[in-house]
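**Q** Please read through the structure below; I'll follow up with questions.
The values are calculated or read from the model by the stated rules, or taken from the named source; none is laboratory data. Keep in mind the model is a prediction, meaning the values are calculated, not measured. Neighbour counts are summed over all protein chains in view; Cβ atoms, including those assigned to glycine, are modelled from backbone coordinates with ideal geometry. For the accessible areas, the whole protein counts, side chains as well, though only heavy atoms, and no ligand, DNA or RNA atoms are used. Shrake-Rupley method; radii C 1.70, N 1.55, O 1.52, S 1.80 Å.
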Amino acid sequence: ARVWDVASGDEVLCLRGHTSVVNSASFSLDDELIATGSSDSTVRLWNAQTGAELRTLKGHKCDVMSVRFSPASTRLASASFDKTIRLW
């Protein structure tokens, strides 16, 4: 996944780790974390400043199509084609 600066058009971060297409990304409310969901069935958490991978969340059996932080950024929800929603 790549993060771009909208104003300049420059690439800010390249998030390497997923082994398939990234279908969804979400910033935490405090802009400290980025969550990504992929067709590799994983959710990954990244440091939004450095791009460092912090954690890989496994549990879905199919493509992860959506990731969203809770309003307080204390929980993360992911939805998958395996017909489940997981709360992390």
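**Q** Can you give me the accessible area per residue for the chain, using a 1.4 Å probe, in Å²?
**A** Computed with neighbouring chains in place, this is 60 Å² per residue.
**Q** Over the chain, what is the mean sequence separation of C-alpha contacts under 8 Å (at least six apart), divided by residue count, expressed as relative contact order in percent?
**A** Reported relative contact order: 21 percent.
**Q** Please report the carbon-and-sulfur percent of the accessible area for the chain; probe 1.4 Å, protein heavy atoms only, DNA, RNA and ligands left out.
**A** Its accessible area is 53 percent carbon and sulfur atoms.
**Q** Consider the candidate values (i) 14.6; (ii) 12.6; (iii) 13.0; state which one is Kirkwood radius over Cα pairs in Å computed from the structure displayed.
**A** Identified label for the calculated read-out: (iii).
**Q** Would you mind counting up the charge near T56? Only other residues with Cβ under 14 Å from its Cβ, with Lys and Arg at +1 and Asp and Glu at -1.
**A** Around T56, the surrounding residues sum to +3.
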